[in-house]
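Student: This is the structure I want to talk about, given as C-alpha cells.
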Amino acid sequence: HSPNVCAVQKLIGTNRKYFTNCKQWYQRKICGKSTVISYECCPGYEKVPGEKGCPAALPLSNIYETLGVVGSATTQLYSDRSNLRPEIEGPGSFTIFAPSNEAWASLSAETLDSLVSNVNIELLNALRYHMVDKRVLTDDLKHGTTLNSMYQNLPIQIHHYPNGIVTVNCARLLKADHHATNGVVHVIDKVIATTTNTIQQIIETEDSLETLRAAVAASDLNSLLESEGQYTLLAPTNEAFEKIPRETLNRILGDPEALRDLLEHHILKSVMCAETIIAGLTMETLEGTTLDVGCSGEELTLNGKPIIANKDILATNGVVHFVNELLIPDSAKTLFELAQESEVSKSTEFFRQAGLSSHLTGSERVTLLAPVNDVFKDGLPVIDSNMRNLLLNHIVKDQLSSKYLYHGQKLQTLGDKELRVFVYRNNLCIENACIAAHDKRGRFGTLFSVDKMLTPPTGSVMDVLKADHRFSTLVAAIQSAGLTENLNRPGTFTVFAPTNEAFRALPQGELNKLMGNAKELANILKFHVADEILVSGAVSALVRLKSMQGDKLEVSMKNNVIHINKEPVAESDIMATNGVIYALNSVLQPQASRPQERGDEPADPALEIFKQASALSKVSQRNPRLAPVYSRLLARMKENSG
C-alpha cells in the first residue's frame with residue numbers, strides 16, 4: 001500500500017528469497033516449507049525518514065557500481081580482476097545476469113581456480129557469457145527464447161514459467177531490472193556455463209548412462225534427442241536399470257514398442273529446470289502420459305519419490321536430470337504387473353492359483369475384469385472347476401478401453417460367455433460388476449478394476465426364477481397371469497421378484513383377493529417389472545423407473561442396501577440374459593391399486609395358480625397360513641369336477 005515497495009517471500013531457515021507479487025505467493029510454502037512475506041524497497045528506490053514506502057529514487061550509476069549495491073559484490077570484484085570493469089563502466093547498453101555472492105561461493109575450489117587462473121582469460125570469457133549487448137528487461141524474457149551472449153554469441157536459454165519464476169540457463173532470477181546508466185542488472189542464483197552439447201551428446205559422454213545409451217540406440221530416439229527442441233530428459237542411470245528384475249528388463253529391452261514407450265515416458269515435452277519447481281506439477285511426457293513432478297525441501301521428487309540424483313545438466317535442446325529409479329509406464333507392463341501394483345493385487349493371486357497366469361503375462365490381447373481387494377477381505381474363495389470357469393469369464397477377448405464402451409455392447413470372454421455393458425449417469429458396469437477406478441492399459445492387456453465378482457447370466461428371467469425354489473409362487477402367478485412369454489423374450493427387464501416368503505407375509509384377505517383376480521394379479525406383477533436394466537452399482541441416492549404397469553418405482557441405496565419403494569431388497573443383481581432380478585421379501589402395491597373383485601374366498605382363476613405352485617414347491621403346501629387356502633381350493637376343484 002506504499003509507493004515502490006516490493007514483496008519478498010523468504011524461505012524460513014534458509015537465505016532463499018523469492019521476489020513475487022501477491023498472486024505468486026505459492027500459498028506461502030516453497031517445496032513444503034513455510035515462508036514469510038516481508039517488504040523491501042523496489043530496485044532503485046530507498047526510504048525517506050518520516051515518509052511511507054520508498055519514495056526516493058536513487059541516482060543511476062553504471063553497471064559496475066550497480067553490482068556492488070544489488071548483492072553481487074563478488075561479480076564486481078571478478079569484473080575488476082578480469083579487466084571487464086572498463087567495459088561495464090563505459091558507454092553502451094548492456095544486460096548482465098550477475099551471479100549472487102552466494103552463487104560464487106557455492107562453486108567448487110577446483111572450478112573457481114580454473115576460472116581465475118590462465119591470465120584471467122577464462123574468467124573474462126565466463127563473465128562475458130553472462131552478458132548481452134543490449135538492454136533486456138524482465139518483460140522481454142519470454143519463455144523458450146534464447147539471447148546471444150557477448151562470448152562468441154553463444155546462446156543463453158531463457159524460460160519464464162507460469163508461476164512467475166524466470167530462469168537463465170536454469171539459474172533462477174533473484175532480483176530483476178536494476179537499471180544502470182549503461183544497461184540493466186539481473187541477479188541470478190548460479191554461475192552459468194556455456195552449453196554446446198545436445199541431450200544425445202550428454203548421454204554419449206556420461207559413463208553412468210551406458211545402459212540408457214544402448215536403449216536409446218535400440219529405439220531409434222537418437223535423432224530426436226539430437227534435434228532442436230525444448231525437452232527435459234529424466235535420464236535413468238545404470239543403477240536405475242539394475243534395480244529392475246532381469247526378466248522384466250529383458251522383456252522390455254526385447255520389445256521395441258515397449259522400449260520406446262519406456263524411454264518416451266522419461267522425456268517431458270518442455271524444459272523444466274529444478275529451480276522452477278516449488279510445488280507439485282503434473283507434466284506431460286512425450287509418450288502422452290503424465291508424471292507428478294514436485295519437491296520436498298531441497299529434493300526434487302517424481303511421483304512423490306525423491307529419486308532425482310543430479311539435476312539441471314543443460315543441453316542446447318533442453319535439460320537433463322539424472323534419476324536413480326526406472327519409471328516404467330503402464331504401456332510397457334504386463335497385466336500381472338499392472339494388477340500387482342494396484343488395488344486388485346489379491347485378484348492377481350486368485351488368477352495365479354487358478355492356473356491362469358499365462359493370460360496375464362503373455363502377448364494375448366485381453367481385458368481383465370479384476371475385483372478390488374475389498375471383495376476378498378474374508379479370504380479368497382476355494383478354486384474348483386466352476387470357479388476357474390468363472391474367472392475365465394473375467395477375462396474379455398480383445399484389449400479394450402472403457403472410454404469406448406457403449407450401452408448394450410456385448411463382450412466375449414475366454415469362458416465363452418457374452419457379457420453386456422451398461423452405461424449409467426454415475427457408473428459404467430459390465431453385468432453386475434461396475435468399474436471402480438480408471439482403467440490401466442498395459443502392453444497387451446487392459447485392467448478394469450471392478451467392485452465385485454461378476455455373475456454371467458445363465459438363462460432368461462423365467463429360467464432363473466424357475467431354477468430358484470424361493471420364487472415358486474411367483475412363477476405360478478406369472479404363468480397364470482399370462483406373462484411368461486414376456487419374461488422369456490429378449491429384453492431389458494429389471495424384476496423385483498417377491499419370494500414365497502413375501503406372498504406368505506400378505507394378510508389373508510389380501511392374499512385371497514390377489515390370487516382370485518387374474519387381471520389384478522397381472523397388474524400387480526407388472527408393477528414389479530421395469531423395461532430397463534438397472535444393476536445395483538447404478539444406484540447412488542435415488543433412481544426412478546417406470547414399471548410395466550405404468551406407475552413409478554423408486555430405487556434407493558441406504559446403508560449399502562438397495563431399497564425399492566422403501567422396502568429392503570434381500571438379494572441384488574441376479575443376472576439373466578434378458579434382465580436383472582432383485583429378490584424381495586415383500587409384495588409391492590401400486591398406490592392406485594383397487595381390487596376389481598371382492599369376497600372371502602379366492603375366485604376360480606386362483607385354483608390354477610395354486611395348483612401350479614403346489615407342483616413347484618411342496619414347502620408352500622405345508623405352510624400353516626396357506627393350508628386353509630389350499631383346503632378351500634381343493635374343495636372348489638372337486639365341486640367343479642362334479
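The values are calculated or read from the model by the stated rules, or taken from the named source; none is laboratory data. Please read these numbers as outputs of a predicted model, since none were measured by experiment. Cβ: placed from backbone, ideal geometry, glycine included. Neighbour counts: every protein chain shown. Protein only, heavy atoms only, side chains kept; ligands, DNA and RNA dropped before computing areas. Shrake-Rupley method; radii C 1.70, N 1.55, O 1.52, S 1.80 Å.
Student: Go through the stretch 69-92 and report how many residues are open to solvent by 40 Å² or more (accessible area, probe 1.4 Å), assigned to a helix (DSSP H, G or I) and within 23 Å of LYS134 (Cβ to Cβ).
Tutor: Restricting attention to the stretch 69-92, the residues satisfying the condition of being open to solvent by 40 Å² or more (accessible area, probe 1.4 Å) are 69, 73, 77, 80-81, 83, 85-87, 89, 91-92.
Checking the rest, the ones that are also assigned to a helix (DSSP H, G or I) come to 69, 73, 77, 80-81, 85-87, 89.
Restricting the remaining residues to those that are within 23 Å of LYS134 (Cβ to Cβ) gives 69, 85-87, 89.
The qualifying residues number 5.
Student: Has the stretch 335-346 got at least one residue that is assigned to a helix (DSSP H, G or I), of a type outside the set (Asp, Glu) and without any contact (Cβ under 8 Å) to a residue 12 or more places away in the chain?
Tutor: So the first thing to find is which residues in the stretch 335-346 are assigned to a helix (DSSP H, G or I), and the list is 335-340, 345-346.
Remaining after also requiring of a type outside the set (Asp, Glu): 335-336, 338-340, 345-346.
In the following step, the residues that additionally are without any contact (Cβ under 8 Å) to a residue 12 or more places away in the chain were identified as 340.
Scanning the stretch 335-346, I find at least one residue that is assigned to a helix (DSSP H, G or I), of a type outside the set (Asp, Glu) and without any contact (Cβ under 8 Å) to a residue 12 or more places away in the chain, so the answer is yes.
Student: Something else now. Within the bounds of the stretch 242-253, is there any residue that is aliphatic (A, V, I, L, M) and in contact with a Cys (Cβ under 9 Å, 6 or more places away or on another chain)?
Tutor: No: the stretch 242-253 contains no residue that is aliphatic (A, V, I, L, M) and in contact with a Cys (Cβ under 9 Å, 6 or more places away or on another chain).
Student: Tell me, yes or no, whether the stretch 105-119 has at least one residue that is over 19 Å from ASP189 (Cβ atoms), assigned to a loop (DSSP other than H, G, I, E, B), open to solvent by 20 Å² or more (accessible area, probe 1.4 Å) and in contact (Cβ under 8 Å) with a residue 12 or more places away in the chain.
Tutor: In the first step, residues of the stretch 105-119 are kept if they are over 19 Å from ASP189 (Cβ atoms); the result is 109-110, 113-114, 116-119.
With the extra rule that they be assigned to a loop (DSSP other than H, G, I, E, B), the set shrinks to 117.
Next, only the ones that are open to solvent by 20 Å² or more (accessible area, probe 1.4 Å) stay: 117.
Narrowing further to those that are in contact (Cβ under 8 Å) with a residue 12 or more places away in the chain: none.
Taking every residue of the stretch 105-119 in turn, none turns out to be over 19 Å from ASP189 (Cβ atoms), assigned to a loop (DSSP other than H, G, I, E, B), open to solvent by 20 Å² or more (accessible area, probe 1.4 Å) and in contact (Cβ under 8 Å) with a residue 12 or more places away in the chain.
Student: Right, something else. Kindly check whether there is at least one residue in the stretch 52-59 that is over 52 Å from the mean Cα position of the chain (by Cα), at pLDDT 90 or above and open to solvent by 80 Å² or more (accessible area, probe 1.4 Å).
Tutor: Within the stretch 52-59, none of the residues are over 52 Å from the mean Cα position of the chain (by Cα), at pLDDT 90 or above and open to solvent by 80 Å² or more (accessible area, probe 1.4 Å).
Student: State all residues of the stretch 40-51 that are surrounded by 13 or more Cβ atoms within 10 Å (Cβ to Cβ) and not in a loop (DSSP other than H, G, I, E, B); if no residue qualifies, say none. Can you show your working first?
Tutor: Here is the first cut: in the stretch 40-51, the ones surrounded by 13 or more Cβ atoms within 10 Å (Cβ to Cβ) are 40-45, 47.
Across the stretch 40-51, the qualifying residues are GLU40, CYS41, TYR45.
Student: Would you confirm whether or not the stretch 188-210 contains a residue that is open to solvent by less than 10 Å² (accessible area, probe 1.4 Å) and more than 21 Å from ALA309 (Cα to Cα)?
Tutor: Narrowing the stretch 188-210 to residues open to solvent by less than 10 Å² (accessible area, probe 1.4 Å): 188, 199-200, 203, 209.
Going one step further and asking which of them are more than 21 Å from ALA309 (Cα to Cα), we end up with 188.
Scanning the stretch 188-210 turns up at least one residue that is open to solvent by less than 10 Å² (accessible area, probe 1.4 Å) and more than 21 Å from ALA309 (Cα to Cα).
Student: Looking only at the stretch 398-421, which residues are among the charged types (D, E, K, R), in contact with a Lys or Arg (Cβ under 9 Å, 6 or more places away or on another chain) and under 19 Å from THR455 (Cβ atoms)?
Tutor: Once the filter is applied, which keeps residues that are among the charged types (D, E, K, R), in contact with a Lys or Arg (Cβ under 9 Å, 6 or more places away or on another chain) and under 19 Å from THR455 (Cβ atoms), the stretch 398-421 yields LYS410, GLU418, ARG420.
Student: Mind listing whichever residues of the stretch 419-439 are among the charged types (D, E, K, R), at pLDDT 95 or above and either under 22 Å from SER331 (Cβ atoms) or surrounded by fewer than 22 Cβ atoms within 10 Å (Cβ to Cβ) (or both)? Even if it seems obvious, please write down each step before you answer.
Tutor: Residues of the stretch 419-439 among the charged types (D, E, K, R): 420, 425, 431, 439.
Imposing the further condition that a residue be at pLDDT 95 or above reduces the set to 420, 431.
Matches in the stretch 419-439: ARG420 only.
Student: If you check LEU314, LEU291, which single one turns out to be more than 20 Å from the chain's Cα centre (by Cα) and among the hydrophobic types (A, V, I, L, M, F, W, C)? I'd like the intermediate steps shown before the answer.
Tutor: Working: LEU291 fails: more than 20 Å from the chain's Cα centre (by Cα).
Just a single option satisfies the conditions, and that option is LEU314.
Student: Here's a follow-up. Enumerate the pairs (first residue in the stretch 132-152 and assigned by the TED database to the domain that holds PRO162; second residue anywhere and in a loop (DSSP other than H, G, I, E, B) and of a type in the set (Lys, Arg)) with beta-carbon separation below 9 Å, excluding pairs fewer than 6 apart on the same chain, so at least 6 apart or on different chains.
Tutor: Hits for this filter: LEU147/LYS134.
Student: Return a yes/no flag: does the stretch 385-399 have any residue that is free of Cβ contacts under 8 Å to residues at least 24 places away in the same chain and over 22 Å from LEU428 (Cα atoms).
Tutor: Applying the first criterion (free of Cβ contacts under 8 Å to residues at least 24 places away in the same chain) to the stretch 385-399 yields 385-386.
When the remaining residues are screened for being over 22 Å from LEU428 (Cα atoms), the result is 385-386.
Checked the stretch 385-399: at least one residue is free of Cβ contacts under 8 Å to residues at least 24 places away in the same chain and over 22 Å from LEU428 (Cα atoms).
For (1) under 22 Å from THR577 (Cβ atoms); (2) of a type in the set (Gly, Ala, Ser), each residue gets a yes or a no:
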| position | (1), (2) |
| --- | --- |
| LEU391 | yes, no |
| GLY408 | yes, yes |
| GLU431 | yes, no |
| ALA437 | no, yes |
| LEU474 | yes, no |
| LEU487 | yes, no |
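Student: Looking at GLU89, GLU51 in this structure, which one is of a type outside the set (Ser, Thr, Tyr) and out of contact with any helix residue (DSSP H, G or I) (no Cβ under 7 Å at 6 or more places or on another chain)? Quick ask: steps written out before the conclusion?
Tutor: Details: GLU89 fails: out of contact with any helix residue (DSSP H, G or I) (no Cβ under 7 Å at 6 or more places or on another chain).
Being of a type outside the set (Ser, Thr, Tyr) and out of contact with any helix residue (DSSP H, G or I) (no Cβ under 7 Å at 6 or more places or on another chain) holds for just one of GLU89, GLU51, which is GLU51.
Student: Looking only at helices (runs of 4 or more DSSP H) that lie completely in the stretch 452-533, which have at least 2 residues being outside the structural domain of ASN386 (by the TED database) and surrounded by fewer than 21 Cβ atoms within 10 Å (Cβ to Cβ)? Before you say what the answer is, go through the steps one by one.
Tutor: Values: elements: 461-467, 472-480, 484-488, 500-504, 508-515, 518-527.
The qualifying helices (runs of 4 or more DSSP H) are 461-467, 484-488, 500-504, 508-515, 518-527.
Student: Which residues, counting only those in the stretch 137-177, are polar (S, T, N, Q) and either out of contact with any Ser or Thr (no Cβ under 9 Å at 6 or more places or on another chain) or surrounded by fewer than 19 Cβ atoms within 10 Å (Cβ to Cβ) (or both)? Full working, then the answer.
Tutor: Step one: list which residues in the stretch 137-177 are polar (S, T, N, Q), which gives 138, 145-146, 148-149, 152-153, 157, 163, 167, 169.
THR138, THR145, THR146, ASN148, GLN152, ASN153, ASN163, listed by residue number.
Student: Looking only at the stretch 325-378, how many residues end up being of a type in the set (Gly, Ala, Ser) and open to solvent by 40 Å² or more (accessible area, probe 1.4 Å)?
Tutor: First pass over the stretch 325-378, keeping only residues of a type in the set (Gly, Ala, Ser): 331-332, 339, 342, 345, 347, 354-355, 357-358, 362-363, 370.
Applying the additional criterion that residues be open to solvent by 40 Å² or more (accessible area, probe 1.4 Å) yields 345, 355, 358, 363.
Of the residues in that region, 4 qualify.
Student: Tell me which of these GLY550 doesn't satisfy, since it passes every other one: (1) open to solvent by 10 Å² or more (accessible area, probe 1.4 Å); (2) assigned to a loop (DSSP other than H, G, I, E, B); (3) in contact with a strand residue (DSSP E or B) (Cβ under 8 Å, 6 or more places away or on another chain).
Tutor: (3)
Student: Ok, one more. Quick check, is SER536 under 34 Å from the mean Cα position of the chain (by Cα), open to solvent by 70 Å² or more (accessible area, probe 1.4 Å) and either modelled with pLDDT of 95 or more or assigned by the TED database to the domain that holds ASN559 (or both)?
Tutor: On the way: under 34 Å from the mean Cα position of the chain (by Cα): yes; open to solvent by 70 Å² or more (accessible area, probe 1.4 Å): no; either modelled with pLDDT of 95 or more or assigned by the TED database to the domain that holds ASN559 (or both): yes.
Considered against the rule, which asks whether it is under 34 Å from the mean Cα position of the chain (by Cα), open to solvent by 70 Å² or more (accessible area, probe 1.4 Å) and either modelled with pLDDT of 95 or more or assigned by the TED database to the domain that holds ASN559 (or both), SER536 comes out as no.
Student: Hey, does the stretch 102-112 have a residue that's among the small types (Gly, Ala, Ser) and at pLDDT 95 or above?
Tutor: If we filter the stretch 102-112 for residues that are among the small types (Gly, Ala, Ser), which is where we start, we get 103, 105-106, 108-109.
Then keep just the ones that are at pLDDT 95 or above; that gives none.
Within the stretch 102-112 (the criterion being among the small types (Gly, Ala, Ser) and at pLDDT 95 or above), the answer is no, since none of the residues qualifies.
Student: Among the residues in the stretch 362-378, are any under 22 Å from the mean Cα position of the chain (by Cα), under 20 Å from MET575 (Cβ atoms) and assigned to a helix (DSSP H, G or I)? Please lay out each step first, then the result.
Tutor: To start, the set of residues in the stretch 362-378 that are under 22 Å from the mean Cα position of the chain (by Cα) comprises 366-375.
Applying the additional criterion that residues be under 20 Å from MET575 (Cβ atoms) yields 367-372, 375.
So of that shortlist, the ones also assigned to a helix (DSSP H, G or I) come out as 375.
Yes, the conditions are met somewhere in the stretch 362-378.
Student: Of the residues SER270, SER227, SER219, SER223, which is among the small types (Gly, Ala, Ser), buried (at least 18 other Cβ atoms within 10 Å of the Cβ) and either assigned by the TED database to the domain that holds VAL323 or farther than 15 Å from VAL323 by Cβ (or both)?
Tutor: When all the criteria are applied, what remains is SER219.
Student: Could you tell me whether the stretch 52-60 includes any residue that is in a helix (DSSP H, G or I) and closer than 30 Å to CYS41 by Cα? Walk me through it before giving the result.
Tutor: Initially, the stretch 52-60 is screened for residues in a helix (DSSP H, G or I), giving none.
Looking for residues that are in a helix (DSSP H, G or I) and closer than 30 Å to CYS41 by Cα, one finds none in the stretch 52-60, hence no.
Student: Right, something else. Step by step: first the residues of the stretch 409-418, then only those that are outside any strand (DSSP E or B) and touching a residue at least 24 places away in the same chain (Cβ under 8 Å), then the one that is most open to solvent (accessible area, probe 1.4 Å). Which residue is that? I'd like the intermediate steps shown before the answer.
Tutor: Pass one, the stretch 409-418, residues outside any strand (DSSP E or B): 409, 414-417.
Going one step further and asking which of them are touching a residue at least 24 places away in the same chain (Cβ under 8 Å), we end up with 414-415, 417.
Details: LEU414: 41, GLY415: 28, LYS417: 75 Å².
Once the filter is applied, the top-ranked residue is LYS417.
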